[in-house]
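Chemist: Sharing a structure, written as structure tokens. Questions coming.
The values are calculated or read from the model by the stated rules, or taken from the named source; none is laboratory data. None of these values were measured; they are calculated from a predicted model. So basically every Cβ, Gly included, is an ideal-geometry build from the backbone, and we count neighbours across all protein chains shown. What goes into the accessible areas is simple: the full protein's heavy atoms, side chains included, and nothing from ligands, DNA or RNA. Shrake-Rupley method; radii C 1.70, N 1.55, O 1.52, S 1.80 Å.
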Amino acid sequence: MLEVDLKERLVNIRERIKAAAGRAGREASEIKLIAVSKNHSIDKILALKKLGINLFGESRVQELREKNERLTGITWHFIGHLQRNKVKYLMRMENCQLIHSLDSWRLAREINKWARKNKRVMPVLLEVNVSGDENKFGLKPEDTLAFVEETQSLKFVDLQGLMTIAPYVKDPEEVRPCFRQLVELREEIAAKGYQLKELSMGMTNDFEVAIEEGATMVRIGTGLFGKRDE
Ligand SMILES: *Cc1c(COP(=O)(O)O)cnc(C)c1O
């Protein structure tokens, strides 16, 4: 049965978060679990909500809007590549509370503009392409500090941290250096006077390693919802 499976997976993920946190001398409560519901049905979202999850991540604006119209009491994070012409829709959704994927100055300006119009200050994370993968979005690590400095001039954008997507590999140990690089980047930025508290890193395949390295948010889809057609 669907709900039984969801519950089992949720318990499993929570236990693994706790164990990974423990290995790093951290508390599980320091790590926010974002249930990535892209491609998954409203019914599954509702079932997870019943189990106490109310923070969900979506990566397409249209899908997010459609789901949001049919659900209440949910907080959304936007985690996908964001096109500038879609920013206005996100800014109108009060319950969309974090954009993980700020990756260009033009996008930052657009978010600032629409946040101001909607009388809000929008929390964002900078997506950094630490692996240097050409197929991935994100700032180059070496451009990140300058971007952080520039962002200070945007009054309606609240920069809270960094995000990265590690390459998919069989053995997640292989991507530990990616996560470590994001942590080091945050330290370099802190040394210049900008404290960024959030590190969004880790997905189903690699969240335990990410937590050991310092993730404050993990984005988990398959590990919670199962495969898309299940
Ligand atoms: C889909 C997605 C996830 C979740 O991936 P899983 O491997 O299913 O856990 C996390 N982050 C981003 C940016 C995604 O697009």
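Chemist: Which residue pairs have Cβ atoms closer than 9 Å, lie 6 or more positions apart in sequence or on different chains, and pair a first residue in the range 115-136 that is on the phi < 0 side of the Ramachandran plot with a second residue that is charged (D, E, K, R) and buried (at least 23 other Cβ atoms within 10 Å of the Cβ)?
Modeler: Partner pairs satisfying both residue conditions: 136/127.
Chemist: Related question: Is it fair to say residue 22 is small (Gly, Ala, Ser), farther than 17 Å from residue 228 by Cβ and in a helix (DSSP H, G or I)?
Modeler: Working: small (Gly, Ala, Ser): yes; farther than 17 Å from residue 228 by Cβ: yes; in a helix (DSSP H, G or I): yes.
Here the answer is yes, as residue 22 does meet what is asked.
Yes or no, residue by residue, for (1) assigned to a helix (DSSP H, G or I); (2) in contact (Cβ under 8 Å) with a residue 40 or more places away in the chain; (3) farther than 14 Å from residue 102 by Cα:
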{"position": "161", "(1), (2), (3)": "no, yes, no"}
{"position": "186", "(1), (2), (3)": "yes, no, yes"}
{"position": "190", "(1), (2), (3)": "yes, no, yes"}
{"position": "195", "(1), (2), (3)": "no, no, yes"}
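Chemist: Now, a different point. Does the range 168-175 include one or more residues that are surrounded by 19 or more Cβ atoms within 10 Å (Cβ to Cβ) and under 30 Å from residue 43 (Cβ atoms)?
Modeler: Among the residues of the range 168-175, not one is surrounded by 19 or more Cβ atoms within 10 Å (Cβ to Cβ) and under 30 Å from residue 43 (Cβ atoms), which makes the answer no.
Chemist: Would you be able to tell me the number of residues in the range 99-145 that are assigned to a strand (DSSP E or B) and crowded, with 20+ Cβ neighbours inside 10 Å?
Modeler: The first filter runs over the range 99-145 and keeps only residues assigned to a strand (DSSP E or B), leaving 99-102, 122-128, 139.
Keeping just the survivors that are crowded, with 20+ Cβ neighbours inside 10 Å gives 99-102, 122, 124-128, 139.
Residues flagged as assigned to a strand (DSSP E or B) and crowded, with 20+ Cβ neighbours inside 10 Å within the range 99-145 amount to 11.
Chemist: Condition check: within 16 Å of residue 196 (Cα to Cα) and either open to solvent by less than 50 Å² (accessible area, probe 1.4 Å) or within 13 Å of the chain's Cα centre (by Cα) (or both). Does residue 91 satisfy that?
Modeler: When the stated conditions are applied, residue 91 does not pass them.
Chemist: Then there is this: Have a look at 148, 175, 209 and point out the one that is in a helix (DSSP H, G or I), closer than 22 Å to residue 28 by Cβ and more than 13 Å from the ligand (Cβ to nearest atom). Lay out the reasoning, then the answer.
Modeler: Values: 148 fails: closer than 22 Å to residue 28 by Cβ; 175 fails: more than 13 Å from the ligand (Cβ to nearest atom).
Among 148, 175, 209, only 209 is in a helix (DSSP H, G or I), closer than 22 Å to residue 28 by Cβ and more than 13 Å from the ligand (Cβ to nearest atom).
Chemist: Only one residue in 142, 127, 134, 184 is within 16 Å of the ligand (Cβ to nearest atom), of a type in the set (Asp, Glu) and farther than 30 Å from residue 8 by Cα. Which one? Walk me through how you get there before you give the answer.
Modeler: Details: 142 fails: within 16 Å of the ligand (Cβ to nearest atom); 134 fails: within 16 Å of the ligand (Cβ to nearest atom); 184 fails: within 16 Å of the ligand (Cβ to nearest atom).
Matching residue, one of 142, 127, 134, 184: 127.
Chemist: Checking the condition of a type in the set (D, E, K, R), within 14 Å of the ligand (Cβ to nearest atom) and more than 16 Å from residue 218 (Cα to Cα), which residue from 63, 8 passes? Let's see the steps before the verdict.
Modeler: On the way: 8 fails: within 14 Å of the ligand (Cβ to nearest atom).
Being of a type in the set (D, E, K, R), within 14 Å of the ligand (Cβ to nearest atom) and more than 16 Å from residue 218 (Cα to Cα) holds for just one of 63, 8, which is 63.
Chemist: So which pairs qualify, if the first residue must be in the range 208-227 and under 21 Å from residue 8 (Cα atoms) and open to solvent by 10 Å² or more (accessible area, probe 1.4 Å), the second must be more than 12 Å from the ligand (Cβ to nearest atom) and not small (Gly, Ala, Ser), the Cβ gap must be under 9 Å, and the two must be at least 6 apart or on different chains?
Modeler: As it stands, the answer is 208/16; 208/17; 208/23; 223/12; 223/16, since those pairs meet every condition given.
Chemist: Mind telling me which of the residues 34, 42 ends up being over 14 Å from the mean Cα position of the chain (by Cα) and open to solvent by less than 60 Å² (accessible area, probe 1.4 Å)? Don't jump to the end; show me each part of the working.
Modeler: Numbers: 34 fails: over 14 Å from the mean Cα position of the chain (by Cα).
When all the criteria are applied, what remains is 42.
Chemist: Quick one: is residue 188 surrounded by fewer than 16 Cβ atoms within 10 Å (Cβ to Cβ), on the phi < 0 side of the Ramachandran plot and at pLDDT 95 or above? Lay out the reasoning, then the answer.
Modeler: On the way: surrounded by fewer than 16 Cβ atoms within 10 Å (Cβ to Cβ): yes; on the phi < 0 side of the Ramachandran plot: yes; at pLDDT 95 or above: yes.
Yes; evaluated as a whole, the condition is true for this residue.
Chemist: While we're here: Could you tell me whether residue 70 is among the basic types (Lys, Arg) and within 15 Å of the ligand (Cβ to nearest atom)?
Modeler: no
Chemist: Does at least one position in the range 50-68 carry a residue that is assigned to a helix (DSSP H, G or I), under 25 Å from residue 117 (Cβ atoms) and in contact with a strand residue (DSSP E or B) (Cβ under 6 Å, 6 or more places away or on another chain)?
Modeler: Filtering the range 50-68 for residues assigned to a helix (DSSP H, G or I) gives 50, 61-68.
Of the ones still in play, those that are also under 25 Å from residue 117 (Cβ atoms) are 61-68.
From the residues that got through so far, the ones that are in contact with a strand residue (DSSP E or B) (Cβ under 6 Å, 6 or more places away or on another chain) too are 64.
Checked the range 50-68: at least one residue is assigned to a helix (DSSP H, G or I), under 25 Å from residue 117 (Cβ atoms) and in contact with a strand residue (DSSP E or B) (Cβ under 6 Å, 6 or more places away or on another chain).
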